[in-house]
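Enquirer: Structure provided below as structure tokens; questions to follow.
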Amino acid sequence: MGSGKRFAVLLCAEDSDYVKKRYGGYYGVFVDMLAEEGETWDVFKLISLLKILDSLNKKVLGICFGHQILCRALGGKTGRAISGWDIGLTTVHLSPSSSKLFSSLKIPTTLSIIECHRDEVREPPPKAEVIAWSEKTGVEMFRYGDHMMGIQGHPEYTKDILIHLIDRLLRRNFITDSYTDELKANLGKVEPDKDAWKKLCTSFLKGRL
């Protein structure tokens, strides 16, 4: 993309055939949301990279399982979500401190985001700050210093990706037919705040806060 700033996507799961075909893999989904002209984007799959980046004070944004891996790498604890699966559109509440942190972005203090997870952050890393929560998940977002941030939801997801994931979970008997029907019926009621999430994520990664 150019010879300007360099960024990387740390993949924490295998690409599905659907996402590979439709978007060129999850890497392509993230690049479509975050990349700007003149930047170079790479992809990594090594968890040890997180510790290297922390020691170099590099910006790291962890999404979903990446949020959980970031927590574990920095000394926090994760586990099965007490409330079970969280799939669909979730309303996330920004903390008062994060509202101040993101004040220049002029975004609402509650944001809708696509979620699809059965694990969660139980205890954030020492010295980390919880900056968002929802009714089902106590740690929707945390930040560690000024250079690391985790988001449990998927700011990069579109509804078609979520529908495909729901179908995969059903085929693998992780969820029931009735729950699948309920999830799909609820999808049309709310739209994710993708523009606000894009502004938040890119501003954090690129030092605009």
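The values are calculated or read from the model by the stated rules, or taken from the named source; none is laboratory data. Since this is a predicted model, take the numbers as computed values, not measurements. Quick reminder, even Gly has a Cβ in these numbers, built from the backbone with ideal geometry, and neighbours come from all protein chains shown. These accessible areas exclude ligands, DNA and RNA; they are computed on the full protein's heavy atoms, side chains included. Shrake-Rupley method; radii C 1.70, N 1.55, O 1.52, S 1.80 Å.
Enquirer: Taking the Cβ-Cβ separation of W85 and K106 as r and a Förster radius of 30 Å, what is the calculated FRET efficiency to the nearest 0.05? The partial results should precede the final answer.
Expert: Working: r = 33 Å, r/R0 = 1.11.
The value I calculate is 0.35.
Enquirer: OK, next. For S97, S203, S103, give me the order by solvent-accessible area with a 1.4 Å probe, most accessible first, ignoring ligands, DNA and RNA. Could you put the intermediate results ahead of the total?
Expert: Numbers: S97 55, S203 10, S103 75 Å².
Listed by decreasing accessible area, they come as S103, S97, S203.
Enquirer: Given 0.36 nm per residue, what is the gain on full extension from K21 to K198 after removing their alpha carbon distance, in nm?
Expert: Extending this stretch completely gives an extra 61.4 nm.
Enquirer: On to the next question. Over its Cα atoms, what ratio of radius of gyration to 2.2 N^0.38 Å does region 150-203 give?
Expert: 1.32
Enquirer: Can you pull out the chymotrypsin sites (Phe, Trp or Tyr not before Pro) in region 136-186 that DSSP calls coil and that have at most 15 other Cβ atoms within 10 Å?
Expert: In loop regions of region 136-186 (DSSP not H, G, I, E or B), the sparsely surrounded chymotrypsin sites (Phe, Trp or Tyr not before Pro) are F174.
Enquirer: Still on this structure, please answer the following. Longest span of the chain, sites excluded, free of GluC sites (Glu not before Pro) in DSSP loop with at most 15 other C-beta atoms within 10 Å?
Expert: The reported range is 38-134.
Enquirer: Mind telling me which of L162, L105, L74 comes out most flexible in a GNM of the chain, alpha-carbon contacts under 10 Å?
Expert: So, out of L162, L105, L74, the one fluctuating most is L105.
Enquirer: Could you name the lysines in cross-link range of K206, using Cα to Cα under 23 Å and dropping any fewer than eight places away on the same chain?
Expert: Result set, ordered by chain and number: K5, K45, K51, K58, K59, K100, K106, K127, K194, K198.
Enquirer: Could you give each residue of region 164-177 its phi-based ³J(HN,Hα) in whole Hz, using Karplus coefficients 6.51, -1.76, 1.60 with θ = phi - 60°, and x for Gly or Pro?
Expert: 4, 5, 4, 5, 5, 5, 5, 4, 8, 6, 7, 9, 8, 4
Enquirer: Still on this structure: Pick from K159, K127, K194: which is most flexible by mean-square fluctuation in a GNM of the chain where alpha carbon atoms under 10 Å apart are linked?
Expert: Between K159, K127, K194, it is K127 that shows the largest mean-square fluctuation.
Enquirer: Return the percentage of antiparallel bridges among DSSP beta bridges fully within the chain, rounded to the nearest 5 %.
Expert: Within the chain, antiparallel bridges account for around 70 percent of the total.
Enquirer: Hey, what's region 118-209 come to in accessible area per residue, 1.4 Å probe, Å²?
Expert: 49 Å²
Enquirer: Compute and list, largest first, the equivalent-ellipsoid semi-axes of region 106-167 from the alpha carbon gyration tensor, each √(5λ) rounded to a whole angstrom. Working shown, then result.
Expert: Values: eigenvalues 104, 40, 24 Å².
Semi-axis lengths for region 106-167 are 23, 14, 11 Å.
Enquirer: Over the Cα atoms of region 54-209, what Rg and Dmax result, in angstrom?
Expert: 15.5, 48
Enquirer: Counting only residues 5 or more places away or on other chains, whose amide H sits under 5 Å from the amide H of V9 once H atoms are built in the peptide plane?
Expert: D42, V43, F44
Enquirer: While we're on this one: Would you mind telling me which residue in G88, G145, G153 has the biggest mean-square fluctuation in a Gaussian network model of the chain, where springs connect alpha carbons within a distance under 10 angstrom?
Expert: With Cα springs under 10 Å in the chain, the top fluctuation among G88, G145, G153 is at G145.
Enquirer: For region 180-195, just list the computed ³J(HN,Hα) in residue order, Karplus coefficients 6.51, -1.76 and 1.60, θ = phi - 60°, integers in Hz, with x standing in for Gly and Pro.
Expert: 4, 4, 5, 4, 5, 5, 7, 5, x, 7, 9, 9, x, 7, 4, 5
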